[in-house]
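Read the structure below first, then the notes.
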Amino acid sequence: MSETNSQSPKRIIIVGGGSAGWMTAAALSSVLPENAARICLVESEQIGTIGVGEATIPDIINFNAMLGIPEAEFLKATNGTFKLGIQFVNWGRQGESYMHPFGQHGVDMNGIDFHQYWLKYRQDHPDSSIEDFSLSAIAAQGGKFAMPDPNPRSVLSQLRYAYHFDATAYARYLRGFAEQRGVRRIEGKVTHIGQHPETGFITHIDLESGESLDGDLFFDCTGFRGMLISQTLGVSFQDWSHWLPCDTAQAIACERTGEILPYTISTAKQAGWQWRIPTQHRTGNGHIYSSKLLSDDEAIDSLLQDLDGPALGSPRKIRFQTGHRTKLWEKNCVAIGLSGGFLEPLESTSLFLIQEGISKFISLYPTAAMPAVVSDEYNRQLVKKFEQVRDFIILHYKATERDDSEFWNYTRTMDIPDSLSARMELFQEAGRIFRYEDELFAKPNWIAVLLGQNIAPKSVDPIIGAVGAADITRSLQSMRSAMQGAVAKMQTHRAFLEHYAWSGETV
């Protein structure tokens, strides 16, 4: 291969900051050889970012580890806490709740999924919950935390966790990280975006200050505006609001008045749902709803009534549309974060989709020629990832028995994607779940939500039909006792944080 054909982009421009921009800058500056490219990030403090409190999933640990970020340092800098799962309140039926924990349920035996043994166990123990066999769920409900044990023989090896943290502080932390590795930050507003007259590739951006920046590769991190990917390159948007009808959020922080719970709470409401995300210094809250079925004033009243501490400031309104760009990489521009697409944060996937966009780009890092076959593969993989996450979120709305409002009547009876319909039917008929194409959510994730919202299989795996009920009872109760014993020895979540990564910051 000639030197010209293998040449990589030398001038990389990231337009927009926030989590998307600074995660991109931090990752590129970390993995690219020194002096391989000039990286500039342009942002304006006048524009600002969405920047509400963030709940994450365990994959964020891999991203921070790739950058070599010390966990305790990161948690202190972002007022972070640990997260063992999400508690869903009033989703299947009003008055009910369930936990979607990280990690597995029980232990698979003889090549058969654990939940099949539990389904048979429940025939004789109808009050049993599959959460009784999840270490993360038991610890979460007890307000406890411990680090996983790398020894697979230890019951603590089943523990998985993620974080809650201040997203604005995370972006600020990553800015320092990236700038130490040579990323240049430029304060300013973009006034014009230049394109090549023949190829349509973006050639440069002009700033309000009069400065012009030439680039070979551009990242659009401008949020919902999609200044480059949409306004300049004209990439269309795939709208999913017919499946996910919420379109507005009201976000506000409140004082933390109780214990720091090691899990997110999602409470279903009249026309949407409310999140509760505990950080060290405050609690983040937000009400996501359909503006067609609930007024802003009603949504704000409902939000404020359900805070568990005094409000800090006033609610901030965020309008959104669920879906994604039909191409997230067009010509020499890659859309990361909200400019590429949005799925409501019901399962805390917002930062994951940013992370996935960055990591897939790095794995397909192009030459300066930007061959279409590379961007085509990127788009195929990212669109598939959006579709997989979409299906999992729709599941929560579809698998409900609520009929107390127009919103829930709509979601309960709406047509859903064939990919989700087939999955639900297979589970209902035979209790089977499979993981496809390296998707994010694995069997335990689907099982937690399906069973949590009362979708019960009609049958148990015939292979274990001949296994004695007493043997299954003995095995499962032994698992549960081991988990309960391990949790009893754990510190409280607050105590663990105080000695491991306490920021000391107060509101």
Can you give me the distance in nm between label points at ASP308 and ALA36, each placed 7 Å from the Cα along the Cα-to-Cβ direction? 4.5
What distance in nm separates the two pseudo spin-label positions at ASN409 and GLU198, each 7 Å out from Cα along the beta-carbon direction? 6.1
Which order do LEU343, LEU228 fall in if you start with the one that has the fewest other Cβ atoms within 10 Å? LEU343, LEU228
Restricting the count to DSSP beta bridges whose residues both fall in the chain, what percent are antiparallel, rounded to a multiple of 5? 75
Candidate lysines - alpha carbon under 17 Å from LYS489, same-chain residues fewer than 8 apart omitted: LYS144
Given charges of +1 on the Cβ of Lys and Arg and -1 on the Cβ of Asp and Glu, with all other atoms neutral, how large is the dipole of the range 109-250 about its Cα centre, in debye to the nearest 20? 540
Specify which residue in the list ALA448, ILE464, PHE427 is farthest towards the positive end of the charge dipole of the range 384-468, using unit charges on the beta carbon of Lys, Arg (+1) and Asp, Glu (-1), about the Cα centre. ILE464
About its Cα centre, how strong a charge dipole does the chain have in debye, to the nearest 20, once Lys and Arg get +1 and Asp and Glu get -1 at the Cβ? 700
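Stretch GLN94-ILE318 to full length: gain in nm at 0.36 nm per residue minus the Cα-Cα span?
Working: separation 224, 0.36 × 224 = 80.64 nm, distance 2.68 nm.
The span from GLN94 to ILE318 would gain 78.0 nm if fully extended.
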For the range 404-507, just list the percent of Cα-Cα distances falling in each 10 Å bin from zero outward, please. 10, 23, 27, 22, 16, 2
What is the order of GLU356, GLU429, GLU255, fewest Cβ neighbours within 10 Å to most? GLU429, GLU255, GLU356
Summing -39500 (n - 2.57) over the DSSP H runs of n ≥ 4 in the chain and dividing by its residue number, what mean residue ellipticity at 222 nm do you reach, to the nearest 500 deg cm²/dmol? -10500 deg cm²/dmol
Above-threshold pairs, the threshold being 31 Å between Cα atoms, out of LYS10/LYS317; LYS83/LYS360; LYS83/LYS292; LYS360/LYS458; LYS189/LYS331: LYS10/LYS317; LYS83/LYS292; LYS360/LYS458
Approximate spin-label separation ASP108-ARG153, in nm, with each point projected 7 Å along Cα-to-Cβ: 2.2
Taking R0 as 60 Å, what FRET efficiency do you get between ASP214 and SER129 from their Cβ-Cβ distance, rounded to the nearest 0.05? 0.50
Which residue, SER30, SER236, VAL389, has the largest displacement toward the positive end of the dipole of the chain when charges sit on each Cβ (Lys, Arg +1; Asp, Glu -1)? SER30
Dipole magnitude of the range 114-189 about its Cα centre (Cβ charges: Lys, Arg +1; Asp, Glu -1), debye to nearest 20: 580
Charge sum, other residues only, whose C-beta stays under 10 Å from LYS292's C-beta, Lys/Arg counted +1 and Asp/Glu -1: -2
So if I take the centroid of the Cα atoms in the range 290-327 and the same for the range 29-45, what is the distance between those two points in Å? 35
Of ILE277, HIS499, GLY357, which is farthest on the positive side of the dipole of the chain, counting Cα position, with +1 on Lys and Arg Cβ, -1 on Asp and Glu Cβ, and the Cα centre as origin? HIS499
Compute the separation of the alpha-carbon centres of the range 141-219 and the range 483-497 and state it in Å as a whole number. 33
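Every number in this text was worked out from the coordinates using simple rules, so none of it is lab data. It should be emphasised that the depicted structure is a prediction, and the values quoted were computed from it without experimental measurement. As a convention, Cβ positions derive from the backbone with ideal geometry for all residues, glycine included, and neighbour counts pool all protein chains shown.
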